[in-house]
Amino acid sequence: MAEPAVLSVSELTRTIKALLDGDERLADVWVRGEISNFTHHKSGHMYFTLKDASSRIKAVMFASHNRYLAFRPEDGMRVLARGAVSVFERDGQYQLYVREMLPDGVGSLFLAYEQLKERLRAEGLFDRKRPLPAFPRRIGVVTSPSGAAIRDILTTLRRRYPLAHVIVVPVLVQGEEAPASIAAGIERINRFREVDVLIVGRGGGSIEELWAFNEEIVARSIYASSIPVISAVGHETDVTIADFVADLRAPTPTAAAELAVPHVRELAERLGHLEERLRAALRRRVDEERARLRRLAQSPVFRHPRRLVEPHLQHRDQLDRRLVDALGRLLERRRAAHQALVRQLALATPRQRLAAARSRWQILDRDLKRAIALRLRERCQAFGHLLGRLDALSPLKVLQRGYAMVYNETGERVITSVRDVAPGEAVTVRLADGRLDCQVWGIEEGVQHGNETRDHGPFRSGTDL
C-alpha cells in the first residue's frame, strides 16, 4: 500500500490559494455586511472585518483603492464591498481584497448602475461621439418644464445666442414613469428635421432622483437619436449612464447651454478681429501692389518699350527670310517633281508603250535564239562525245580487230563456253564483214586464267566452214 503524500504547511496554503484564485466566481464578488474591528493604518491601507448574524470574513482595502471612497468607513456601518477572495499565506487565512465599497443604502442601486454600464459599454454605446454644429439654428431641450434646469438653459441661450430658436419638449424627469417619458420626448424631437442639437437633462438631486437617466430605455433612445445630444444631469459630481451615451457631457444644465451655442459677444469680437485682420491684409496688399506698380513704372520696359520690341522685330525678319528661302526650295522640289511626272506621263501613251514593248520583245527574241543555238551546240558536242565513247565500246569495233562472235545455229544466243555446244552441232560465226555457217567437229577445254583461256595442248578439233 502506497504511503500518503505529506504536504508542508506552506505547500498546503499555496494549494488552497491557487484553488481560490482560479475560481472565477470569487475573482469579482459583491459582499454585504457590517464593518467591525476597523483600522486605518498609517500606510493608508484599511483593515476590517465584514460580518452578518452568523459569519464573518476578514477584509483589506489598499490605499490605491480607498483613496476614492466618498465616505469614511466606521465600525457598525453596513456596507456593500466589491473585491476578490484569496489567501494571505503568512497567516493561512482567506480574506476579501476590497476594490470598491458603498454604504448599504445605495448599494443595490449602484450595483445595478455598474452592471448596466458594463453591458452598454460592451455593446459599444459609449464609443460614438459626434461633433456639435458650430452655429445651430434650432436647439431642442428635453427636460421638466417646471424645474430650475429649463430656466437656466433658456436664460443662458437667450443671453449667449439669441439668434437660435429653442424647442422645449416637456417630460417627467423623476419617478417610475420618467424613463419612458424621457425616451418618448427624445423620439418626438427627432421628428423635427430642422433641430441641430439636443439638450437632455435635469437639475441636481439624490441618486434616486437622478435614477431615470440611468435606465436602459433612456440610454438607447439617446444612442438612437439622429441629432447630436448633450447630456446635462445634476451637478458636476453626478455621472449617469446618459452621460456616457451622449455625444457630449455637460457638468450642469447651464454648462450644456454654453456648450451648445457660441456667445454673440465672442462672435462679434471674433468678427471684429477678422475684419481688422482683413482690413490690414487689404492695406498690405494695396501697398505691395502700389510698390510693385512703381517698380514696374521705373523699369526699362515701360520707359523704353521699343527696346523690348526691336529684338523681336529682328527675329521676325530672320524668320521671314528663312520662310521665303524654305518656300523657294520647296517650290523648286515641287517643280522638278512635276517635270519628272510630265516626262513619265509622256512616255506612258499606248503607242509609246507598244513601241517600247515591241523593242523589248525583239531584244528578248534575239537573246532567246542565241541561247537556243548555244545550248544546241553544247548538246551536239556532248552527243558526239558520248557517241564516240559508245562506238569505241561497240562489239563491231572489236570484230574489226580480228575477233569473231559465235552464235548458235539460229543466231539467237551467243556461245561463250565450249560447254554450250556439242560436236557436230552447227554454229554461226560473226566476223567484221560477214557471217560464216560452221559445224563443230571437236571440242577441247582450256584452263581459264582471269578473263583468258589457255590450251593445254595442240588444237585437236577443227571447224567446218
Are any of the residues in the stretch 51-68 hydrophobic (A, V, I, L, M, F, W, C) and closer than 19 Å to ILE241 by Cβ?
no
Inside the stretch 68-162, counting only strands (runs of 3 or more DSSP E) that do not spill past its ends, which hold 1 or more residues that are small (Gly, Ala, Ser) and out of contact with any Pro (no Cβ under 6 Å at 6 or more places or on another chain)?
78-88, 138-143
Those residues of the stretch 24-67 which are in contact (Cβ under 8 Å) with a residue 12 or more places away in the chain and within 14 Å of SER86 (Cβ to Cβ), in sequence order
LEU26, ALA27, ASP28, VAL29, VAL31, ILE57, LYS58, ALA59, VAL60, MET61, PHE62
So, first residue farther than 21 Å from GLU412 by Cβ in the stretch 430-446, second residue hydrophobic (A, V, I, L, M, F, W, C) and loosely packed, with under 13 Cβ neighbours inside 10 Å, Cβ within less than 6 Å, six or more apart or across chains; the pairs are none
Does LEU354 qualify as being touching a helix residue (DSSP H, G or I) at 6+ places or on another chain (Cβ under 9 Å) and either of a type in the set (Asp, Glu) or at pLDDT below 90 (or both)?
no
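Condition check ((1) charged (D, E, K, R); (2) within 21 Å of ARG121 (Cα to Cα); (3) touching a His at 6+ places or on another chain (Cβ under 9 Å)) across all residues:
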residue	(1), (2), (3)
LEU157	no, no, no
ALA180	no, no, no
ALA183	no, yes, no
ARG193	yes, no, no
ILE217	no, yes, no
ALA224	no, yes, no
VAL229	no, yes, no
Residues of the stretch 235-285 being part of a helix (DSSP H, G or I), loosely packed, with under 12 Cβ neighbours inside 10 Å and among the charged types (D, E, K, R), in sequence order, are ARG265, GLU266, GLU269, GLU275, GLU276, ARG277, ARG279, ARG283, ARG284, ARG285
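Across the stretch 19-63, what is the total count of residues that are part of a helix (DSSP H, G or I) and at pLDDT below 85? Let's see the steps before the verdict.
Our first condition is that a residue be part of a helix (DSSP H, G or I); within the stretch 19-63, this holds for 19-21, 24-26, 63.
Those still in the list that are at pLDDT below 85 too: 19-21, 24-25.
Summing the residues that are part of a helix (DSSP H, G or I) and at pLDDT below 85 in the stretch 19-63 gives 5.
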What are the residues in the stretch 182-209 that are over 20 Å from LEU132 (Cβ atoms) and either over 52 Å from the mean Cα position of the chain (by Cα) or of a type outside the set (A, V, I, L, M, F, W, C) (or both), if any?
GLU187, ARG188, ARG191, ARG202, GLY203, GLY204, GLY205, SER206, ILE207, GLU208, GLU209
Failed condition for VAL429, given (1) in a strand (DSSP E or B); (2) among the aliphatic types (A, V, I, L, M); (3) at pLDDT 90 or above, with all others met?
(3)
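The values are calculated or read from the model by the stated rules, or taken from the named source; none is laboratory data. Model, not experiment: these values are computed from the prediction. Positions of Cβ are generated from backbone atoms using ideal geometry, with glycine treated the same way; all protein chains shown enter the neighbour counts.
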